[in-house]
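Shown next, in structure tokens, is the structure this report addresses.
The values are calculated or read from the model by the stated rules, or taken from the named source; none is laboratory data. None of the values given here were measured: they were computed from a predicted structure. FYI the Cβ positions are ideal-geometry reconstructions off the backbone, even for glycines, and counts take in every protein chain you see. Side chains are part of the model used for accessible areas, which takes the heavy atoms of the whole protein and leaves out ligands, DNA and RNA. Shrake-Rupley method; radii C 1.70, N 1.55, O 1.52, S 1.80 Å.
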Amino acid sequence: PLSQNVPLSHCVCLQGGSLALSENIVSAVRYCIIEGYSPVIIAGWQVARRRSGFVWFYAIRLDRAYMSRLKHFLLTIFYKLPRFLRSLLSRAIYRPKLGKKVDLSGWTIFSQDVSIGDYTYMMEAGFIGRVRIGKFSSIAQGLTVGLASHPFHSFSTLRMFGAHSPFRGRPKPIGLLNDTDEPPKVTSIGNDVWIGANVTIKGGLTIGDGAAIGAGSMVTHDVEPFAIVAGNPARLIRYRFDEEKRQLLRELAWWDWDIETIYANLKLLDEFDTNLRSRLTSTLPKD
């Protein structure tokens, strides 16, 4: 492997003896991955009495089989770590986008592409990935959303080239139906949604604003706004309100108001006052 001691602000990515300047270490790592290298940051620190940091940076070209074995090895270590360490690592790696005053309890395991809206609270989730969660939502412990699917249409439900397969790292036959490397689709969970404990939501679904999902449910289809669903698979129980009230709440979209406006109109909202429609267009500010 090649190595170079370089300023952190001008990280040098070594590739076969040539140098490629990058703006920061993140872009350098991304560049090496795209070019087929496996970058490893060996050390980084602040030099005493100086503001410039230094990094030893290694870039090694690895074949597909080696990378697959390395990924499996790292995943094995990851899942043997205490949950709080896995949670901290997942949050540091995937950097979920959190709105104002989001309240997260426990040690949730995050994956890629997660955003949580303002004033939502969530207890310790089992796993969340590729999901957009709206504002003012209430989520009990044990939520699972964003897991990859298995190839039910193929001869085997085992992903033959996945991390746990004996064939990982080998060349894949062209057109193999079992090849399921495509990531799960993005799930959308609306505003003011209540999700009970230990709920699993299939990837790519839309959970409408104001919906409620009963504890232990397995959600396999979209959920309409203000619907109450429960069961395995989850089925419609009823709607929280009649159509007139549901329409009023959709028009008001109170979750988009600034927090002081919501507080000033709590009584009118609680009474489903239709006069709020006219006030909405004239006096209610929004974020």
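Looking at Ser156, Ser115, Ser111, which one is within 16 Å of the chain's Cα centre (by Cα) and farther than 19 Å from Ala211 by Cα?
Among Ser156, Ser115, Ser111, only Ser111 is within 16 Å of the chain's Cα centre (by Cα) and farther than 19 Å from Ala211 by Cα.
With a cut-off of at least 1 residues that are open to solvent by 80 Å² or more (accessible area, probe 1.4 Å) and either more than 30 Å from Leu75 (Cβ to Cβ) or modelled with pLDDT of 95 or more (or both), name the strands (runs of 3 or more DSSP E) lying wholly within the stretch 163-242.
Counting at least 1 such residues, we get 234-239.
Specify the residue that is farthest from Gly190 (Cα to Cα); the eligible residues are those in the stretch 89-128 that are out of contact with any helix residue (DSSP H, G or I) (no Cβ under 7 Å at 6 or more places or on another chain) and aromatic (Phe, Trp, Tyr).
Tyr94
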